[in-house]
Amino acid sequence: MPETNLIHPVILCGGAGTRLWPLSRKGYPKQFARLIGAQSLFQASAQRLSAPGYAPPVVVTGEAFRFIVTEQLAAIEVAAAAVLIEPEGRNTAPAVLAAALWLASRAPGALMLVVPSDHVIADAAAFRAAVAAAVPRARAGDLVTFGITPTRAETGYGWLELAAGADAAAAVPQPLARFVEKPDAGRAAAMLAAGNYLWNAGIFLFTAEALIAAYRAHAPQLMAGVEAALAGAMSDLGFTRLAAGPWAGLEDVSIDFAIMEHARNLAVMPYGAGWSDLGGWEAVWLESSPDGAGNVTSDRATAIDCRDTLLRSETEGLELVGVGLDGIVAVAMGDAVLVARKAEGQRVKEVVAALRAKGARQAEAFPIDHRPWGWFESLAIAARFQVKRIVVNPGAALSLQSHHHRSEHWIVVAGTARVTIDGAVQLLSENQSVYIPLGAMHRLENPGKLPMVLIEVQTGAYLGEDDIIRYEDVYARK
């Protein structure tokens, strides 16, 4: 099928990771977590749009997430058409424009479907049917947004007001009167009762050319900078790095504010088959099919005489038990625990701000540190020593490096490690160990077909991650 006849998904994959703390953090936001089901929200989004009539997705993400994106896509056997790397977050308007310009230069006239990476849409077939119903309006040059049938007086979403005579339950796009900012409780209740409003899902369908024309008309201040960032982009290990200089001067603005609130060629596609942006722990509870008592528990959590409660333990070996709780969210991780009234879930942002103010690393850093070669976690930290579990993916390698302030002991507990120390290479299998002296030039590789796991014991005067000199790195890090 010619590319112009395909729908090209554009998956927006940024986010600050504050509303679902501690499972979601700046270093590992919610789209990468397994909140509902066996896949991450990002994987479910990509899988939903991996179907006949759809092109491989364009993913727009940040520097810190580029290898998580490719690893999670590979796990579900989806290949991206491109991964555009933003030098820094500038909200959705610049990100969507960059994807539109990239797509227009390669498939003129093609449709682009812009979707966030962190939404739950249980009925993938129903969603694709709604997209198909919106295609004619998008091909005619309209900017089609998707509106969700509201089920409550929600104050956490923007709303969409339908034009006079429009049908909020129609199976085809309807005329749209205006975008409504997040309302207070009274206004939300009035809009729900009125029946001619939908939730704004942040999902859009249009041709790249129609969108670019809208930017030229309504946000010309973004055009030159985004065009320059794309023209100066560098290819790096399969990623497209947008040029940092032009990008830094761009306005931080959403596509709603920059374009949609000003355009006149708008339409809205009603969608009522189930949707959530998982904007807080109460939404996770709701989407997790509470039992007869209203409780949701993870495998390592137990609820005794509880009602309407969410209990999740995210750490192996850590059992979470609730007794006599009513309307409580409790989420336990190895380095942080959240306990809150479910109705107060939107205040989790205050938690993150308070932790950040006191300098707690848990405010933003995730206990598992994902790297292009795999991941590691700290098991114990004290004065002059640290113990880590390190997992290296098959075929992956850490950089050739040395340290000024620490020596290291490596004990292989699963798989095979190829270890280089000052030019000497050796293979270590399960239960074997090696010592890396302070200052030695060393590298760790996994030559096998299964993940390699080792325990690293660091000793020294300074154990920070910045005590590293890289000499060679297949991932082009400095």
Residue 365 to residue 139: extension gain in nm, 0.36 nm per residue of separation minus the Cα-Cα distance? 77.0 nm
Taking amide hydrogens as modeled 1.01 Å from N in the peptide plane, which residues meet the under 5 Å criterion relative to residue 371, leaving out close sequence neighbours? 376
Counting only the heavy atoms of the protein chains, how much of residue 455 is accessible to a 1.4 Å probe, in Å² to the nearest 10? 40
Could you tell me how far the Cα centroid of the range 289-335 sits from the Cα centroid of the range 205-284, in Å? 38
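Grab the other residues whose beta carbon is less than 14 angstrom from that of residue 462, score K and R as +1, D and E as -1, and report the net. Provide the component values of the computation, followed by the final result.
Values: positive: 384, 406; negative: 408, 465, 466, 467.
Around residue 462, the charge tally is -2.
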Under 15 Å from a label point 7 Å along Cα→Cβ of residue 356: give me every residue in the range 241-265 with its amide N that close. none
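Taking the Cα centre of the chain as origin, work out the dipole magnitude from +1 charges on Lys and Arg Cβ and -1 charges on Asp and Glu Cβ, in debye rounded to 20.
In total the dipole reaches around 280 debye.
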Using r as the Cβ-Cβ distance of residue 251 and residue 153, and R0 as 30 Å, what FRET efficiency do you calculate, to the nearest 0.05? 0.40
What does the charge dipole of the range 345-409 about its Cα centre add up to, to the nearest 20 debye, if the Cβ of each Lys and Arg holds +1 and the Cβ of each Asp and Glu holds -1? 200
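Can you work out the FRET efficiency for the pair residue 461 and residue 64, with r the C-beta to C-beta distance and R0 = 35 Å, to the nearest 0.05?
0.80
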Interchain or sequence-distant (5+) residues whose placed amide H lies within less than 5 Å of the amide H of residue 113 are 8, 10
Relative contact order, percent, the chain [alpha-carbon distance under 8 Å, six or more residues apart]: 13
How many nm is it between the label spots at residue 339 and residue 405, if each spot is 7 Å from the Cα in line with the beta carbon? 3.6
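Do any of 26/182; 182/349; 30/349; 26/358; 358/388 go past 20 Å between their Cα atoms, and which?
Among 26/182; 182/349; 30/349; 26/358; 358/388, the Cα-Cα distance tops 20 Å for 26/182; 358/388.
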Antiparallel DSSP bridges in the chain: what percent, to the nearest 5? 70
Heavy-atom accessible area of residue 370, protein chains in place, probe 1.4 angstrom, given in Å² to nearest 10, is 60
Based on the mean of other beta carbon atoms within 10 Å per residue, what is the order of 135-147, 338-350, most packed first? 135-147, 338-350
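Counting DSSP beta bridges with both partners in the range 1-144, what percentage is antiparallel, nearest 5?
5
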I'm spelling it out carefully: the read-out is Rg and Dmax of the Cα atoms in Å, the candidates are [x] 22.8, 76; [y] 20.6, 63; [z] 24.3, 77, and one was derived from this structure. Which label? [z]
Using the Karplus equation 6.51 cos²θ - 1.76 cosθ + 1.60 (θ = phi - 60°), what ³J(HN,Hα) coupling, rounded to whole Hz, does each residue of the range 135-147 give in order, writing x for Gly and Pro? 4, x, 5, 5, 5, 7, x, 7, 9, 9, 9, 10, x
Using the alpha-carbon atoms, what tilt in degrees (0 to 90, nearest 10) does helix 92-104 show relative to the longest principal axis of the chain? 90
If I model a spin label at residue 192 and residue 346 as a point 7 Å from the Cα along the Cα→Cβ vector, what separation in nanometres do I get? 1.2
Sparse-neighbourhood loop sites, chymotrypsin sites (Phe, Trp or Tyr not before Pro) in the range 355-389 - DSSP loop, at most 12 other Cβ within 10 angstrom: none
So what is the relative contact order of the range 403-461, in percent, for Cα pairs below 8 Å that sit 6 or more residues apart? 49
Going through the range 193-264, which trypsin sites (Lys or Arg not before Pro) have at most 14 other Cβ atoms within 10 Å and a DSSP loop state? 264
Can you list the trypsin sites (Lys or Arg not before Pro) in the range 361-450 that are in a DSSP coil and have 12 or fewer other beta carbons within 10 angstrom? 384, 449
Rounded to whole Å, give me the distance from the Cα center of the range 391-461 to that of the range 73-137. 39
Hz values of 3J(HN,Hα) by residue in the range 303-319 - Karplus curve (6.51, -1.76, 1.60), Gly and Pro given as x: 10, 10, 6, 10, 9, 6, 10, 10, 10, 9, 10, 9, 10, 4, x, 10, 8
Between the residues 208, 245, 331, the Cα farthest towards the positive end of the dipole of the chain, that dipole coming from +1 and -1 charges on the beta-carbon of Lys, Arg, Asp and Glu, is from 245
As I understand it, the dipole of the chain uses +1 on the Cβ of Lys and Arg and -1 on the Cβ of Asp and Glu, about the Cα centre. Which of 65, 130, 306 lies farthest toward its positive end? 65
Charge dipole (debye, nearest 20) of the range 19-159; +1 at Cβ of Lys and Arg, -1 at Cβ of Asp and Glu: 160
Using a 1.4 Å probe on heavy atoms of the protein chains only, the accessible area for residue 404 in Å², nearest 10, reads 120
Over the range 109-171, with a single point scatterer placed on each C-alpha, what log10 of the ratio I(q)/I(0) does the Debye formula yield at q = 0.14, 0.18, 0.19, 0.24 1/Å? -0.52, -0.87, -0.98, -1.44
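Run lengths n ≥ 4 of DSSP H only: what is the helix-derived mean residue ellipticity at 222 nm for the chain, with -39500 (n - 2.57) per run over all residues, to the nearest 500?
Helix contribution divided over all residues of the chain: -6500 deg cm²/dmol.
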Given the range 279-424, what percent of its DSSP beta bridges are antiparallel, to the nearest 5? 60
³J(HN,Hα) across the range 410-415 via Karplus (A = 6.51, B = -1.76, C = 1.60, θ = phi - 60°), whole Hz, x for Gly/Pro? 10, 10, 7, 10, 7, x
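The values are calculated or read from the model by the stated rules, or taken from the named source; none is laboratory data. Keep in mind the model is a prediction, meaning the values are calculated, not measured. Cβ: placed from backbone, ideal geometry, glycine included. Neighbour counts: every protein chain shown. Side chains included, ligands, DNA and RNA excluded: accessible areas come from the protein's heavy atoms. Shrake-Rupley method; radii C 1.70, N 1.55, O 1.52, S 1.80 Å.
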